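K.L.:
After the C-alpha cells below, expect a handful of questions from me.
The values are calculated or read from the model by the stated rules, or taken from the named source; none is laboratory data. Computed from a predicted structure; not experimentally measured. Note that we place each Cβ from the backbone using ideal geometry, even for glycine, and neighbour counts take in every protein chain shown.
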Amino acid sequence: MNIDLALRASIQDSIKTLFQTNIEQLQLQPTNAEFEGSHTLVCFPLAKISKKNPEQTATAIGEYLVTHTEIVSRYNVVKGFLNLVIADRVWAEVFQFIYSDKNFGLLPSNGKEWMVEYSSPNTNKPLHLGHLRNNFLGYSVAEIYKALGYRVHKVQIINDRGIHICKSMAAWKLFGQGETPQSSGLKGDKLVGKYYVEFDKHYKIQIKELMEKGATEADAEKQAPIMKQAVEMLQKWEAKDEATVQLWKMMNGWVYEGFSFTYKRMGVDFEKLYYESDTYLLGKDEVLRGLAQGVFYKKEDGSVWVDLSSDGLDQKVLLRADGTSVYMTQDIGTAILRFRDFPKIEGQIYTVGNEQEYHFKVLFLILKKLGYSWAEKCYHLSYGMVDLPSGKMKSREGTVVDADDLMQEMAEEAEKQTRELGKIDDLTEEQIKSLSEIIGLGALKFFLLKVDPKKRMLFDPNESIQLQGHTGPFIQYTHARIRAIIRKAEAMEIKPNRNELTQIISLEPAEREVIFMVNNYINKLNEAARDYSPAVVANFAFDLAKGYNQFYQSIPIFNESDQAKLKFRIAFSEVVADVLRKSMKLLGIEVPEKM
RNA sequence: GGUCUCGUAGCUCAACUGGAUAGAGCAGCUGCCUUCUAAGCAGCAGGUUGCUGGUUCGAGUCCAGCCGGGAUCACCA
C-alpha cells in the first residue's frame, strides 16, 4: 500500500466532512524526532477554512482520523502541528509490500527518453579532479533517471580540434623527437599533456623576449614563433593538410587510449561519442542558414554575429572573419545532430561547470531562434568548482590533482586501512585488491557526490580519505554487516516468508524509523531527479545506513525467541541491504559482501 | 562597473523548497567489544544562520539595501 496517498486521502476526507471544503494542497511533512509520530500535518493554513484556531483544527482532524481510519492509531497536537502515529500493523503491511517487490526502487519504463552529456574533456591534457566531479555527477544523474523509468542516452562531446590540441602538436613536433607512449612508457594523455605544458613554457619565454625587444604584450602574444606555428597548424588542419591531420590523429589516438583507461577505473560509460571535428561543419551550415534567414547578421569584416540584446544579453560571434568556427558554432551543430540521431529524446542535460552558464544561456537562445522547439528542454546541469585547501586548482602552479593519481591513492589508502583492521584474513590477495578498489573509489565518489552539485566545494585530501562517518565506506560497511547476518540466517535455515510478515503487531522505534525511510525511497529519487542532484540519494543512503545501525546496535537479532519477529528482522535486514545497494549503485558505487 | 551566484557549529556539509527548540560528520571530551563485523553505537560540548530593515500567524529559506567571497561579461574552449 502507498501510505502517503492513503493518508492524504483520509485527511482530505476528514476536512471535507468536518469543514465542508475540498482541499488539494496538504502540507504533510515528517515529524520532528522529539515528538511522537511519523507524519505531521501543518494546520496553520487550514485555520481559514475551519474557522477555528490551528490547534483546534488539528485536534478535530486528529480525532476524526483515529476514529474513522485504520491507518492512524494515535495523534498529538503541538501548536498548529498535528503529529500522526501510524499503526504498526500498517507499517508491517507497507514493509510486506516492499519486501515482495523484487524490483522495488526500479520503476517500469515510462516511454520517455533523455540525453545526458557529461565528461567532454579537451584532448590536450589528462583528466583531473574537476573532471571527476563532472563524470560522477553526469553518470549518476543518468542512472537516477534510468531508475525512474526513463531511457537515457549517455554521451559526450570530445573537443578534439582547435588551438589547444595544435599547441601540443606544435610542441611535440619541435621537441618530441618522436616520443610515443610506447617509447616513453607514459600514458597517452599524460604524454600529450606533457607537450601542452612544454608549449606553454616556450611560449612564455618567447613572449618575454619579444617584449624585451619592445613589443607590446598583445603583439608579443601573437608574434611568438611557437604560437604562430600552432595557429598555422590549425589552419592547415581545417584545410585538411595530410601531414597535419595525420599527426592530429596519432596524438588524439594516444589521448583516447589514456582516457579509456581512466574511464574504466572511474566506472563510467557512454552510449555514443560525439567529436567536435564531426559536428563543427554542421554548426557552420546552421549559422549560415540563420544568416540567410536574418536571425544573424554579418559585419563588414565578414564575421557572423547574433544580437541577443533584446534578451538582456549582448552580441556574440558565431563565425570568424576567416570563416573558421568558434566554440559556439560546434555546440550548435552538436545539439542538432543529437536530436537527429535520437529523435525520441525530449531534451538533453549538459553536465558542464558553472563557469559556462553564460555560454549555455546563449546557446539555448540561439537554438530557439533557429526554430528548434526542443531548445527549451535543454538544461545546463551547472556544478560548482572543486577547490583545494590551498585554493583554486591551477595548472601553472602545479596544484592540479590528477584523476589517475587520485584514484590510485584512494585505493592504496583503503588497502592500508583495511589491512590494519585485519578483518580480511580469509580473503585472497586478489580479493583484497578488488575490495580496496571498491572502498577507495566508493570513498572518492561519495565525497564528491554528497555535496549539492550547484555549490562550489572543498576537496580536502585528508578528509576525502576518511573511511568513517559521513562517507561511502560507512554505507558499504553497513551493507557488508547486513550481508553477514543474511549468510548466518541462511546457514541456520531461517527463511522469511512474505505472507507471515504481517503477523508482526508491534515494532521497535528503530524499525519503524527505517521502514519509514525505505518507504520514502522513491520520493527521494524523484526529488533527486527534479533537482538533478545525486546528493539527495547520497544523503538518503547515509541516513538509511545510520538508521539501520541504530537498530543493529540496540537489537541482537539472533537472540530473539519469537520466530515471527526473528524472521521479520531477517527480511527487514535484507530489504535495507537491497536498498543500500540500489541507491549506491545510482551513485556508481559498489557495495561489498564483506569488509 | 553590469549580470549571476554563494555566505549556516572550529572545519566539511544538511535542512523535504515558507513551518516546531536549525541537524549530521570530522576535530575535542565521556561511556559501550566473552554476544550478528567497534569502518559501529550512546552521550557531552559547540549557533545572534554575514549585517540592517521589510513581507506574514510563522523567515536560514521570499523582497530591498549594505558587507564579504566566487563566476562571467573573448574572433579561448
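K.L.:
When you go through A:ASP285, A:ASP269 one by one, which is the residue that is surrounded by fewer than 18 Cβ atoms within 10 Å (Cβ to Cβ), away from RNA strand B (no atom under 13 Å from the Cβ) and under 30 Å from A:ILE439 (Cα atoms)?
P.N.:
The match here is A:ASP269.
K.L.:
Going by what's in this entry, would A:VAL116 be described as free of Cβ contacts under 8 Å to residues at least 60 places away in the same chain and away from RNA strand B (no atom under 15 Å from the Cβ)? Give the derivation first.
P.N.:
Working: free of Cβ contacts under 8 Å to residues at least 60 places away in the same chain: no; away from RNA strand B (no atom under 15 Å from the Cβ): yes.
No: the conditions fail for A:VAL116.
K.L.:
Another question, then. Take the residues in segment A:458-493 that are among the β-branched types (Val, Ile, Thr) and within 8 Å of RNA strand B (Cβ to nearest atom), then tell me which one is surrounded by the most Cβ atoms within 10 Å (Cβ to Cβ).
P.N.:
Step by step, filter segment A:458-493, then rank; the result is A:THR478.
K.L.:
(1) away from RNA strand B (no atom under 13 Å from the Cβ); (2) in a helix (DSSP H, G or I): which one isn't true of A:GLN431, the others all being true?
P.N.:
It fails just one condition, (1).
K.L.:
Hey, another quick one. Suppose we keep only residues that are in contact with a helix residue (DSSP H, G or I) (Cβ under 7 Å, 6 or more places away or on another chain) and β-branched (Val, Ile, Thr) within segment A:166-210. Which one would you say is modelled with the lowest pLDDT?
P.N.:
So the residue we want is A:ILE207.
K.L.:
Tally the residues that are within 6 Å of RNA strand B (Cβ to nearest atom), surrounded by 19 or more Cβ atoms within 10 Å (Cβ to Cβ) and more than 30 Å from the chain's Cα centre (by Cα), restricting the search to segment A:24-52.
P.N.:
Counting residues in segment A:24-52 that are within 6 Å of RNA strand B (Cβ to nearest atom), surrounded by 19 or more Cβ atoms within 10 Å (Cβ to Cβ) and more than 30 Å from the chain's Cα centre (by Cα) gives 1.
K.L.:
Sticking with this structure for a sec: Specify which of the listed residues (A:GLN356, A:GLN330, A:GLN348) is assigned to a strand (DSSP E or B), of a type in the set (S, T, N, Q) and outside the structural domain of A:ASP460 (by TED's automatic domain parsing).
P.N.:
A:GLN348
K.L.:
Name every residue in segment A:170-194 that is closer than 27 Å to A:ALA220 by Cα and within 32 Å of the chain's Cα centre (by Cα), in order of residue number.
P.N.:
Residues satisfying the conditions are A:VAL192, A:GLY193, A:LYS194.
K.L.:
Would you tally the residues in segment A:322-335 being modelled with pLDDT under 90 and either under 32 Å from the mean Cα position of the chain (by Cα) or near RNA strand B (Cβ under 8 Å from one of its atoms) (or both)?
P.N.:
5
K.L.:
In the list A:ILE86, A:ILE71, A:ILE61, which residue meets the criterion of being touching a residue at least 60 places away in the same chain (Cβ under 8 Å) and either within 16 Å of RNA strand B (Cβ to nearest atom) or in contact with a Lys or Arg (Cβ under 8 Å, 6 or more places away or on another chain) (or both)?
P.N.:
After ruling out the rest, the residue left standing is A:ILE86.
K.L.:
Right, another one. Would you pick out the residues in segment A:551-574 that are surrounded by fewer than 16 Cβ atoms within 10 Å (Cβ to Cβ) and either farther than 14 Å from A:LEU507 by Cα or within 11 Å of RNA strand B (Cβ to nearest atom) (or both)?
P.N.:
A:GLN553, A:SER554, A:ILE555, A:PRO556, A:PHE558, A:ASN559, A:GLU560, A:SER561, A:GLN563, listed by residue number.
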